[in-house]
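Below: one structure, written as structure tokens.
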Amino acid sequence: MSTMSENAGKVSAPVTESVAATQLRRLSAWRAFEIVLWVAAFAAIFLLPSHMLVLTEIAIVALFAISLDLILGYAGIVSLGHGAFFGLGAYAAGIFAKHIYAEPVTGLFVAAAASGIFGFATSFLVLRGSDLTRLMTTLGIALMLAEVANQMAWLTGGADGLSGVMVGPILGLFEFDLWGKTGYIYCLFVLFILTCLARRLVNAPFGLSLKAIKGNPVRAAMVGVPSRRRIVAIYTVAAVYAGIAGALLTHTTSFVSIDVLAFHRSADVLLVLVLGGVGYLYGGIIGAIVFTLLRDWLSVITPQYWMFWIGLVLVIIVVVGRENLGRWHTFLPNSLQERLARVVNWRLGMKLRGEQ
Amino acid sequence: MTAALETRHLVKRFGGFLAADDVSLSVEQGARHALIGPNGAGKTTLINLFTGALKPTSGSVLLDGEDITGLPVEQRVKRGLARTFQVNQLFREFTPLESVVLAVNERKELGGSAWRPLVAHGEAVDEAAALLERFKLSDVMDERTSMLPYGRQRLLEIALAFASKPRVLLLDEPAAGVPEDERHEVLNIVRDLPEDVTVILIEHDMELVFSFADRISVLVSGALFTEGTVTKVSADPRVKAIYLGEDA
Amino acid sequence: MLTILFDGIAYGMLLFIIAVGLAITLGLMNFINLAHGAFAMVGGYITVVLMNRHGVSFYWCLLIAFLAVGVIGAVLERTLYRRLYSAPHLDQVLFSVGLVFMSIAAAHYFMGGQQQLIQLPPELRGRIEIFGVGVGRYRIFITVFCAVLVVALQLALTRTRFGSQLRAAVDDGRVARGLGINVSVVFALTFALGSGLAGLGGAMGAEVLGLDPNFALKYIVYFLIVVTVGGTSSITGPFLAALLLGIADVAGKYYVPEIGAFIIYGVMVLVLVFRPHGLFAREASR
């Protein structure tokens, strides 16, 4: 058999091979909208100096949502308790900065390790079971963690939150300033680096195998994908990402509220991701922008009741259909649609494919 | 010579229902072995026991003389056991190229690699391209699988199984549901499978079975009813009675 | 000690009455309805408004809460829920979380954020002595009332025509349809019944569980525990789970307040991991 396929390879490879390679290369090529997004994000440092705090918040939420996208969008694991890793990272960073060492980047690694270990340990609980069992298991774990944080007041400050966290200068060089500029630059860099890493991960064979597990677990096993191992790996990575997002929150606010472990964190991050779109990484970032702006806008018009409108948005999204949400542009005139698609999907002079 | 695939006293019980009843089957290396039987005879159960999707109540499964009864599905695949499904089990959102690259990657133990993009693993890409060529899918390798005509999907189904370089290939009704005009293409692919790959064919279409297989096992109510060469089985009046009575 | 047991039983009964609707939506429609707690909350608020502002008798309030929430459930089922029966679970979760958010904000808007209190009728107040143990009269009322309901439900499920249609639809929707059962109507009626019971439970529970806008979120976890631990294949499973949870929760809060909730969540996770179909479910047959 091997001889035959090798022969086939020799005969036909030169032509087909390059086509295949080009097509695969296109999958991982940088696209125009990505570049625009990052340029805009970095330009905001200079262009929007008075909005640093909200931009910081967007960056943190975006990172958190990207971490959820890794498990939900790629491996298809639903979670109602992803906030557990966010909260754990926030607390780990806070406690570490308060009692041991105030330098934030070190704190990021500590938070990442704490969440990663917890994620690895709990990943075995989401391996089996239906969506419902996964939802309940993740929710249960998050609730347990919140309960622990609440009861261990000597360490976490309990319901009052962990205060007195002094965060030192980043790498001993850059002091956090009052306007949040350092904080935003810090978060943006972390977000950028981690997004690039996630990009590599999902565009590598590993990412393809995750999508296979999500798309068709039966066939995935039948082409030799070790699903359990892959899920454990990505769940751990996602926990690390969420933990780092939580640590960023601690570092930029110098405070950890028990609220970081609240249920609504897990629900909000789902909403953020769904708003931006699942399964292409940037959904987290776009969702974070939309969500944060929407919430700020709503809480200005109806200070106490913005939750109602957020809820309404969720209901409408689902009833209209998530997949239709990404097709809003189909209501535009055809010529405009084509131009838009060409701009958004432009990547190193390659033809577009209708995706997302 | 050790058998390519062998089962010993394989039993599978679902509650009170006996889906596999003491099946001891031996398939020779390089054989073209057909597994036939009326609906509900337990063919699918048997396949699932081969691949590890089901665990037997008792008995064992051997691949090339090695006991694989306790191994999970993906490890059996790595050891050279692949199957196609009666109803397509494809990655509908993938392109054929992505699907085949995935399968090749996993065989080459590249699936866990998380740094370099797909295209950087050149050998795997070349091999996937060659496979697509061989299965006449090159022209559609960049289209979404769910958009392909059924016959093409059927070819991809076989290509995916073949990509894991199986020593034993289980084909579950490979031509099922394929329109008449695309049928010969699928059948040609099946006929042209390399001789050193052991093929077990599960099929309803007697014409196909008689033209393709050299040995036939007949399964009735979960148990092995008879086994033998094509001439022997096709001449057996009892088989005719069971089979034609049910399905003709 | 026995007082705690009694309180726990009453509490468990309440949980069951509210959660049984959730068990049915899950088992029958395979729908993860996180908004179920909101139905109970509406029942509670209806009672509060009718009693405190319009002086309606408590018993009438229970009936009205049951009917009103049942109607609301039916309307929502016909207009929204039914579209999502075959949707991915993620969509169902998002949808129902959206409803929960809306209900919380709406409760804030109309009723304010404070705890709502109701004045029980005099005959339900105070305690009486049973075997030398002081037991709240209202707890006894809840226990007896719910026990009757449980028996009635069980009988309705096993003895009536509707019950057998429902069980057929749970077992296999397609076959049931083939038998000429109007599955869609069965779904709607069942959903209404489940919602109504939640409303009734919310009305009765206003005094026991407390009632504020966060009710919808606070207790949904408990209802989900009842369903996941009890399984959805029968109503006895959730019933036993609710009793266990009720007793464990009351006892836990009394004896080990520090880790009571932790233990309950922990047990739930363990059950989910080792018995994904519920503690009292028979092994799923294939």
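The values are calculated or read from the model by the stated rules, or taken from the named source; none is laboratory data. Because the structure is a prediction, the values reported are computed rather than measured. Note: ideal-geometry Cβ built from the backbone for every residue, glycine included; neighbour counts use all protein chains shown.
Counted as qualifying within region C:170-286 are the helices (runs of 4 or more DSSP H) with 1 or more residues that are within 18 Å of residue C:23 (Cα to Cα), touching a residue at least 40 places away in the same chain (Cβ under 8 Å) and not hydroxyl-bearing (Ser, Thr, Tyr), namely C:183-209, C:215-218, C:220-230, C:236-255, C:260-274. Only one entry of B:2, B:7, B:45 meets the criterion of being among the hydroxyl-bearing types (Ser, Thr, Tyr) and assigned to a loop (DSSP other than H, G, I, E, B), and that entry is B:2. Criterion applied to A:317, A:285, A:310 was being away from chain C (no Cβ under 14 Å) and either part of a helix (DSSP H, G or I) or in contact with a Lys or Arg (Cβ under 6 Å, 6 or more places away or on another chain) (or both), and the one residue passing it is A:285. Look at residue B:20 and say whether it is buried (at least 23 other Cβ atoms within 10 Å of the Cβ), touching a Gly at 6+ places or on another chain (Cβ under 8 Å) and either modelled with pLDDT of 90 or more or not hydroxyl-bearing (Ser, Thr, Tyr) (or both). The answer is yes for residue B:20. Residue A:68 - would you say it is in a helix (DSSP H, G or I), among the hydrophobic types (A, V, I, L, M, F, W, C) and either at the interface with chain C (Cβ under 9 Å from one of its Cβ atoms) or under 18 Å from the mean Cα position of the chain (by Cα) (or both)? So residue A:68 passes the test. Residue pairs whose Cβ atoms lie under 9 Å apart, sitting 6 or more positions apart in sequence or on different chains, and linking a residue in region C:128-144 that is more than 13 Å from residue C:7 (Cβ to Cβ) to a partner that is part of a strand (DSSP E or B), are C:128/C:134; C:128/C:135; C:128/C:136; C:129/C:135. Note on region A:94-165: enclosed helices (runs of 4 or more DSSP H) holding 3 or more residues that are β-branched (Val, Ile, Thr) are A:104-123, A:131-151. Kindly check whether there is at least one residue in region C:54-64 that is of a type in the set (S, T, N, Q) and part of a helix (DSSP H, G or I). Within region C:54-64 (the criterion being of a type in the set (S, T, N, Q) and part of a helix (DSSP H, G or I)), the answer is no, since none of the residues qualifies.
Please go through region B:102-120 and give me each residue that is part of a helix (DSSP H, G or I), facing chain A (nearest Cβ under 7 Å) and not charged (D, E, K, R), ordered by number. Write out each step before concluding.
As a first pass, look at region B:102-120 and keep what is part of a helix (DSSP H, G or I): B:102-107, B:118-120.
This time we only want the ones that are facing chain A (nearest Cβ under 7 Å), so: B:102-103, B:105-107, B:118-119.
B:102, B:103, B:105, B:118, B:119 - these are the residues of region B:102-120 that are part of a helix (DSSP H, G or I), facing chain A (nearest Cβ under 7 Å) and not charged (D, E, K, R).
Scanning region B:29-73 for residues that are of a type in the set (Gly, Ala, Ser) and either closer than 22 Å to residue B:227 by Cα or in contact (Cβ under 8 Å) with a residue 24 or more places away in the chain (or both) yields B:30, B:31, B:34, B:37, B:40, B:41, B:42, B:52, B:58, B:59, B:60, B:65. Criterion first (modelled with pLDDT of 70 or more and either among the aromatic types (Phe, Trp, Tyr) or surrounded by 21 or more Cβ atoms within 10 Å (Cβ to Cβ) (or both)) does residue A:290 satisfy it? Here the answer is no, as residue A:290 does not meet what is asked. Taking the stated definitions as given, is residue B:189 within 18 Å of residue B:154 (Cβ to Cβ), surrounded by 14 or more Cβ atoms within 10 Å (Cβ to Cβ) and within 14 Å of chain A (Cβ to nearest Cβ)? Yes, satisfied. Only a single item in (1) more than 8 Å from chain A (Cβ to nearest Cβ); (2) outside any helix (DSSP H, G or I); (3) free of Cβ contacts under 8 Å to residues at least 60 places away in the same chain is not met by residue B:76, and it is number (2).
Mind listing whichever residues of region C:172-188 are surrounded by fewer than 17 Cβ atoms within 10 Å (Cβ to Cβ) and either under 22 Å from the mean Cα position of the chain (by Cα) or of a type in the set (Val, Ile, Thr) (or both)? Result: C:175, C:185. State whether one or more residues within region A:115-126 are buried (at least 22 other Cβ atoms within 10 Å of the Cβ), within 30 Å of residue B:121 (Cβ to Cβ) and within 11 Å of chain C (Cβ to nearest Cβ). Yes, some residue in region A:115-126 is buried (at least 22 other Cβ atoms within 10 Å of the Cβ), within 30 Å of residue B:121 (Cβ to Cβ) and within 11 Å of chain C (Cβ to nearest Cβ). Every test in (1) charged (D, E, K, R); (2) under 19 Å from the mean Cα position of the chain (by Cα); (3) at pLDDT 90 or above is passed by residue B:43 save one, and that test is (3).
Out of B:123, B:98, one residue alone is more than 8 Å from chain A (Cβ to nearest Cβ), part of a helix (DSSP H, G or I) and free of Cβ contacts under 8 Å to residues at least 40 places away in the same chain. It is B:123.
For region C:64-92, residues that are more than 14 Å from chain A (Cβ to nearest Cβ) and free of Cβ contacts under 8 Å to residues at least 12 places away in the same chain total 1.
Residue-by-condition table, conditions (1) among the charged types (D, E, K, R); (2) in contact with a Gly (Cβ under 6 Å, 6 or more places away or on another chain); (3) modelled with pLDDT under 95:
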site	(1), (2), (3)
A:176	no, yes, yes
A:181	yes, no, yes
A:188	no, no, no
A:195	no, no, no
A:198	no, no, no
A:208	no, no, no
A:217	no, no, yes
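Taken as a whole, the structure places residue A:71 among residues that are crowded, with 24+ Cβ neighbours inside 10 Å and either at pLDDT below 95 or closer than 15 Å to residue A:135 by Cα (or both). If only residues of region B:138-151 that are at the interface with another protein chain (Cβ under 10 Å from one of its Cβ atoms) and in a loop (DSSP other than H, G, I, E, B) are counted, the one that is surrounded by the fewest Cβ atoms within 10 Å (Cβ to Cβ) is B:143. Of note, residue B:164 satisfies the criterion of being on the phi < 0 side of the Ramachandran plot, out of contact with any Leu (no Cβ under 8 Å at 6 or more places or on another chain), buried (at least 19 other Cβ atoms within 10 Å of the Cβ) and at pLDDT 90 or above.
Among the residues of region B:10-28, those that are more than 19 Å from the chain's Cα centre (by Cα), without any contact (Cβ under 8 Å) to a residue 40 or more places away in the chain and in a strand (DSSP E or B) comprise B:14, B:17. Restricting attention to region B:1-20, the residues being of a type in the set (Ser, Thr, Tyr) and closer than 17 Å to residue B:35 by Cβ number 1. Counting only helices (runs of 4 or more DSSP H) that sit completely within region A:176-258, those holding 2 or more residues that are hydroxyl-bearing (Ser, Thr, Tyr), away from every other protein chain (no Cβ under 13 Å) and surrounded by fewer than 23 Cβ atoms within 10 Å (Cβ to Cβ) correspond to A:181-203.
Based on what the data block shows, is residue C:167 without any contact (Cβ under 8 Å) to a residue 24 or more places away in the chain and over 30 Å from residue C:3 (Cβ atoms)? Spell out how you get there, then give the answer.
On the way: without any contact (Cβ under 8 Å) to a residue 24 or more places away in the chain: yes; over 30 Å from residue C:3 (Cβ atoms): yes.
In short, yes.
Among the residues making up region C:111-148, a single one is among the small types (Gly, Ala, Ser), more than 20 Å from residue C:16 (Cα to Cα) and assigned to a strand (DSSP E or B): C:134.
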